[in-house]
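Participant: Can you read through this structure? Questions will come right after.
The values are calculated or read from the model by the stated rules, or taken from the named source; none is laboratory data. Remember, it's a predicted structure, so these values are computed and weren't measured experimentally. With ideal geometry, Cβ positions are generated from the backbone for all residues, glycine too; neighbour counts draw on all protein chains shown.
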Amino acid sequence: MPGKELFEYAVIRWVPRVEREEFINIGVVLYSRDQRFLDMKYELSAEKLRALYPSYDAEELETYLTGFDLICKGARAGGPIADLPPAERFRWLTAKRSTVIQLSAVHPGLCVDARDTLDRLFNALVL
């Protein structure tokens, strides 16, 4: 049986009015160097988003998250940041920012399968 390996993750938060510091967890990004894994998962629940900020722009929010996803996956369309090694992309994605998309502090853990861990964290922290 394979051993557990280190991973790091952060919760992706939507902060519609930065000055109020209210947010909804909308996703998770997870990085594991040993498993060569960097991916994210998100879901935009219109009902939840409207409850916090009725006039949110769904298209704009989806555009931001698509950009994050392209960088996460290292896709050419993600621009120069997407060309960086996975560890540097993860650090860029999780850097502090004052925008409508913010990430929690980075948390470490141990796992056998990074994909399963991403799914488990997403279910526990977002859904």
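Participant: Just to be sure I understand, how many residues within the stretch 93-127 are surrounded by 12 or more Cβ atoms within 10 Å (Cβ to Cβ) and assigned to a helix (DSSP H, G or I)?
Facilitator: The total comes to 10.
Participant: Could you check, for the stretch 66-74, whether at least one of its residues is under 19 Å from Glu21 (Cα atoms), under 15 Å from the mean Cα position of the chain (by Cα) and either among the hydroxyl-bearing types (Ser, Thr, Tyr) or assigned to a helix (DSSP H, G or I) (or both)?
Facilitator: No, there is no match, as no residue in the stretch 66-74 is under 19 Å from Glu21 (Cα atoms), under 15 Å from the mean Cα position of the chain (by Cα) and either among the hydroxyl-bearing types (Ser, Thr, Tyr) or assigned to a helix (DSSP H, G or I) (or both).
Participant: Picking from Ala10, Ala51, Ala77, which residue would you name as being assigned to a helix (DSSP H, G or I), in contact with a Leu (Cβ under 7 Å, 6 or more places away or on another chain) and modelled with pLDDT of 90 or more?
Facilitator: Ala77
Participant: Under 9 Å between Cβ atoms, which residue pairs at least 6 apart in sequence (or on different chains) link something in the stretch 71-84 that is under 16 Å from Ala95 (Cα atoms) with a partner that is in a loop (DSSP other than H, G, I, E, B)?
Facilitator: Ile71/Gly79; Ile71/Leu84; Ala82/Gly74; Ala82/Ala75; Leu84/Gly74
Participant: How many residues does the stretch 23-48 contain that are of a type in the set (D, E, K, R), modelled with pLDDT of 95 or more and surrounded by 13 or more Cβ atoms within 10 Å (Cβ to Cβ)?
Facilitator: 3
Participant: Oh, and also: Only one residue in Pro54, Pro86, Pro2 is over 30 Å from Val112 (Cα atoms) and out of contact with any His (no Cβ under 8 Å at 6 or more places or on another chain), so which one is that?
Facilitator: It is Pro54.
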